[in-house]
1. Nearest 10 degrees, 0 to 90: what angle lies between the long axis of helix 3-17 and the longest principal axis of the chain (Cα atoms)?
2. Once you have all Cα-Cα distances for the chain, histogram them in 10 Å bins from zero and send the whole-percent values.
3. Explain nothing, just the number: relative contact order of the chain, from Cα pairs under 8 Å at least 6 residues apart, as a whole percent.
4. What do you get for the angle between helix 76-90 and the principal long axis of the chain? Use alpha-carbon atoms, 0 to 90 degrees, nearest ten.
5. What does the charge dipole of the chain about its Cα centre add up to, to the nearest 20 debye, if the Cβ of each Lys and Arg holds +1 and the Cβ of each Asp and Glu holds -1?
6. May I ask you to evaluate 6.51 cos²θ - 1.76 cosθ + 1.60, the Karplus curve with θ = phi - 60°, for each residue of the stretch 22-30 and list the ³J(HN,Hα) values in order in whole Hz, giving x for glycine and proline?
7. Suppose only helical runs count, i.e. DSSP H with n ≥ 4. What mean residue ellipticity at 222 nm does that imply for the chain under -39500 (n - 2.57) per run, divided by all residues and rounded to the nearest 500 deg cm²/dmol?
8. What spacing in nm lies between the two simple spin-label points modelled at SER8 and THR40, each 7 Å away from Cα in the Cβ direction?
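All of the numbers you see were taken from the coordinates with simple rules; none came from a lab. Just so you know, these numbers come straight off a predicted model, no measurement behind them. When we count neighbours, we look across all protein chains shown, and the Cβ atoms used for this are built from the backbone with ideal geometry, even at glycine.
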Amino acid sequence: MNETPIASRLDALLNGLIQRRDIHSVILSVVSGDETFRWTGAPGAMSPGGAQWLFHAPEPDLYLAGAVNQMSAGAVPFKVVPSVLRALAEG
């Protein structure tokens with residue numbers, strides 16, 4: 001995987017999330033199963049509280065871990081993870 005264009009797309013995805021009124025910060029880390037790809041983004045100002053998640057996407061063998069700083073944004077992981085996988089597939 002070419003990390004530079006992928007990293008730019010992932011950064012843009014997270015920066016778009018914190019533009020929402022109900023999300024103040026988000027942390028996301030993506031690691032391939034063979035550890036040849038690693039990326040972490042953390043825009044916004046994190047404070048206690050929020051929701052954390054961990055997903056494994058078996059087909060591309062990626063692990064995605066993250067946290068979002070707003071309990072009202074509980075569906076965010078289920079919206080973010082598919083977008084991240086699409087961005088990585090395009091990379």
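1. The angle comes out at about 20 degrees.
2. With a bin width of 10 Å, the distribution comes to 17, 54, 26, 3.
3. Values: 143 pairs, mean separation 27.7, N = 91.
About 30 percent, as a whole number.
4. That works out to roughly 30 degrees.
5. Working: 6 positive and 8 negative charges, 88 e Å.
So the magnitude is around 420 debye.
6. 8, 10, 9, 7, 8, 10, 9, 10, 10
7. -11000 deg cm²/dmol
8. 2.4
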